[in-house]
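The values are calculated or read from the model by the stated rules, or taken from the named source; none is laboratory data. The model shown is predicted, which means the values in this text are computed figures rather than measured ones. Methodologically, a virtual Cβ is constructed for each residue, glycine included, from the backbone with ideal geometry; neighbour enumeration extends over all protein chains shown.
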Amino acid sequence: MPTYEATVSAPVNIACIKYWGKRNTSLILPTNSSLSVTLSQDHLRSTTTSSTSQEYAPGDRLWLNGREEEIVTGGRTQVCLAALRQWRKEVEEKDSAAPKMSEWPLRIASYNNFPTAAGLASSASGLAALVYSVSQLYALPQTPSQLSLIARQGSGSACRSLFGGFVAWEMGTRDDGSDSLAVQVADHGHWPEMHALICVVSDAKKGTSSTSGMQKTVATSSLLQHRIHHVVPARMEEISRAILARDFTTFASLTMQDSNQFHAVCMDTSPPIFYLNDVSRAIIAVVEELNRASLAQGKGMVAAYTFDAGPNAVLYALEENMHVVVHTINQFFPQTQDFPDPFGMLASPAGAGA
Ligand code: PMV
């Protein structure tokens, strides 16, 4: 009996317009659309191998970085696998010669090429790689946008990692979630000069998970209502236009405004959620000053900061300015402790894109 196998990689994505809030927690339907940049495959990525065989012992099994994880019944991984099996069944119904893989147990092993404990988003790349590898194993005909419908149910932001470059997650309007999916705004080749620098401020595990933080924000923040109705829709259009026009100053100012509003919404939550620390705020001040000085000379902005649900900064800059950004950050924030960086990727700017 043959064993079938597929291996793929999916990179981390970092949002410029943040997803924060679910209107449906089981289907993972967001309260607003979001937009991100997918980092290069050469840097932060998850690599996943899925295999299936009629001879495997019953039950699916999953390993993350060599450690077996339980696939919880009704949990997110299981929801993704059930949806992928359903699509495989459709393939088998259309083609009677196709092996009945949908009935066989799965073995899935996933590795991150970056330290998992570093406080860097790993669920997005992990779930995207899982969904994509099983879709390849099953030879599914679905497009990446259709696959994003499934990845979204594993971890919301994972849906955006199915594409490289600049990616929007459209919130959709339907209750069944069938139009809440990722679409590519522009590929990496459209703006290859865009680079990202990841500044690890703290590798401690975050205090409030995104899942519980979002729930509290949706339940208590009036600022979130303003954000989702009056801010994000226009911002999504403006940033998409800025990306298509390769207008870094507009891209940067929208990215920073959105990061700041996301953290304001966290503070407007009851009880308030604080993800930034003093070093994060100092990074904001340094980048703001770099930009102020550059604008004063009649030039464009130099860098944009953005922070997810933790204190670590991601700085976007054009390649021509990245040396100034790296130099300035190193000057103000000399490395205080050794960081496990086996691939040397955190010392150098990561090129965005697939
Ligand atoms: O997909 P989650 O549940 O990890 O939430 C991600 C939330 C943010 O990273 C803060 C924002 C985003 O759009 O990625």
Filtering the stretch 144-167 for residues that are closer than 17 Å to Ile17 by Cβ and assigned to a helix (DSSP H, G or I) leaves a count of 8
Criterion: modelled with pLDDT of 95 or more, within 16 Å of the ligand (Cβ to nearest atom), in the same structural domain as Glu288 (by TED's automatic domain parsing) and under 26 Å from Gly172 (Cβ atoms) - qualifying residue of Arg235, Arg241
Arg235
Options Ser209, Ser178: the member that is surrounded by fewer than 16 Cβ atoms within 10 Å (Cβ to Cβ), under 22 Å from Gly75 (Cα atoms), free of Cβ contacts under 8 Å to residues at least 60 places away in the same chain and not charged (D, E, K, R):
Ser178
Residue hits (the stretch 296-333; out of contact with any helix residue (DSSP H, G or I) (no Cβ under 7 Å at 6 or more places or on another chain) and within 16 Å of the ligand (Cβ to nearest atom)) are Asp308, Gly310, Asn312, Val314
Taking Trp191 and the conditions (1) touching a strand residue (DSSP E or B) at 6+ places or on another chain (Cβ under 6 Å); (2) more than 22 Å from Ser123 (Cα to Cα); (3) crowded, with 20+ Cβ neighbours inside 10 Å, which numbered condition does it fall short on, given that it satisfies the others?
(1)
So which residues in the stretch 30-44 are away from the ligand (no atom under 14 Å from the Cβ) and crowded, with 24+ Cβ neighbours inside 10 Å?
none
Just a yes or no: is a residue in the stretch 98-115 away from the ligand (no atom under 16 Å from the Cβ), assigned to a helix (DSSP H, G or I) and of a type in the set (Ser, Thr, Tyr)?
yes
Looking for whichever is under 19 Å from the mean Cα position of the chain (by Cα) and either within 14 Å of the ligand (Cβ to nearest atom) or within 23 Å of Gly165 (Cβ to Cβ) (or both) here; the options are Leu64, Leu27. Which one fits?
Leu27
Would you mind telling me which numbered condition in (1) touching a helix residue (DSSP H, G or I) at 6+ places or on another chain (Cβ under 8 Å); (2) part of a loop (DSSP other than H, G, I, E, B) Ala204 fails?
(1)
Only one of Asp179, Asp187, Asp258, Asp203 is of a type outside the set (A, V, I, L, M), away from the ligand (no atom under 14 Å from the Cβ) and within 21 Å of Trp20 (Cβ to Cβ), namely Asp179
Hey, Asn112 hits all of (1) more than 17 Å from Ala6 (Cβ to Cβ); (2) more than 22 Å from the chain's Cα centre (by Cα) but one; which does it fall short on?
(2)
Residue check: is Ala124 modelled with pLDDT under 95 and either in contact with a helix residue (DSSP H, G or I) (Cβ under 8 Å, 6 or more places away or on another chain) or assigned to a strand (DSSP E or B) (or both)?
yes
Selection from the stretch 1-18 of residues that are surrounded by 14 or more Cβ atoms within 10 Å (Cβ to Cβ) and more than 13 Å from the ligand (Cβ to nearest atom)
Tyr4, Glu5, Ala6, Thr7, Val8, Ser9, Ala10, Pro11
